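The values are calculated or read from the model by the stated rules, or taken from the named source; none is laboratory data. Remember, it's a predicted structure, so these values are computed and weren't measured experimentally. For neighbour counting, all protein chains shown are included, and Cβ atoms are generated from backbone atoms with ideal geometry for every residue, glycine included. Just so you know, the surface numbers come from the protein's heavy atoms only, side chains and all, with ligands and any DNA or RNA stripped out. Shrake-Rupley method; radii C 1.70, N 1.55, O 1.52, S 1.80 Å.
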Amino acid sequence: QVQLVESGGDLVQAGGSLRLSCAASGRTVSWYAMGWFRQAPGKEREFVAAITRSGGNTYYADSVKGRFTISRDNAKNTVYLQMNSLKPEDTAVYYCAARISEGLWYDDKKYTYWGQGTQVTVSS
């Protein structure tokens, strides 16, 4: 199995940028397809982005398409989420997650391993 630890969350002004990192330990992250989800107060957890094991394909929620970029460095056992043009509605706890299978990227039930989350707050 794999353990995931997110970092990089912060307080940022609208229009700013952040890069989140998800460091994996245990089994190498190259075994897994990876995703980012977020949960705002009082709301359900929602899909943000996902990347295949090879990194050859990426998938995004419509709300972040064109602003966020998911990437991975299997040699560093790390997955990233570059977030640009941040909006107050991006405020949430961001989680990374790992899964063996691929497909239905938006379905959090398909992901087996989860990190503890990192807080992103965007002020207006």
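Kindly evaluate TYR106 against the criterion of being in contact with a strand residue (DSSP E or B) (Cβ under 6 Å, 6 or more places away or on another chain) and open to solvent by 60 Å² or more (accessible area, probe 1.4 Å).
Numbers: in contact with a strand residue (DSSP E or B) (Cβ under 6 Å, 6 or more places away or on another chain): yes; open to solvent by 60 Å² or more (accessible area, probe 1.4 Å): yes.
It is true that TYR106 is in contact with a strand residue (DSSP E or B) (Cβ under 6 Å, 6 or more places away or on another chain) and open to solvent by 60 Å² or more (accessible area, probe 1.4 Å).
Checked against (1) over 28 Å from SER123 (Cα atoms); (2) touching a residue at least 12 places away in the same chain (Cβ under 8 Å), ASP73 meets all criteria but (2).
This table checks each residue for (1) over 23 Å from TYR32 (Cα atoms); (2) at pLDDT below 95; (3) part of a strand (DSSP E or B).
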residue	(1), (2), (3)
GLU44	yes, no, no
VAL64	no, no, no
TYR95	no, no, yes
ALA98	no, no, yes
SER101	no, yes, no
LEU104	no, yes, no
VAL122	yes, no, yes
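Only one of the numbered conditions (1) assigned to a strand (DSSP E or B); (2) over 10 Å from the mean Cα position of the chain (by Cα); (3) surrounded by 14 or more Cβ atoms within 10 Å (Cβ to Cβ) is violated by SER25, and that is (3). Within the range 82-93, being open to solvent by less than 50 Å² (accessible area, probe 1.4 Å) and not in a strand (DSSP E or B) holds for LEU86, ASP90, THR91.
For the range 1-22: of the residues being in contact with a Lys or Arg (Cβ under 7 Å, 6 or more places away or on another chain) and under 19 Å from LYS87 (Cβ atoms), which is surrounded by the most Cβ atoms within 10 Å (Cβ to Cβ)? Checking each candidate, the answer is GLY8. In the set (1) basic (Lys, Arg); (2) in a loop (DSSP other than H, G, I, E, B); (3) surrounded by 16 or more Cβ atoms within 10 Å (Cβ to Cβ), the condition left unmet by ARG38 is number (2).
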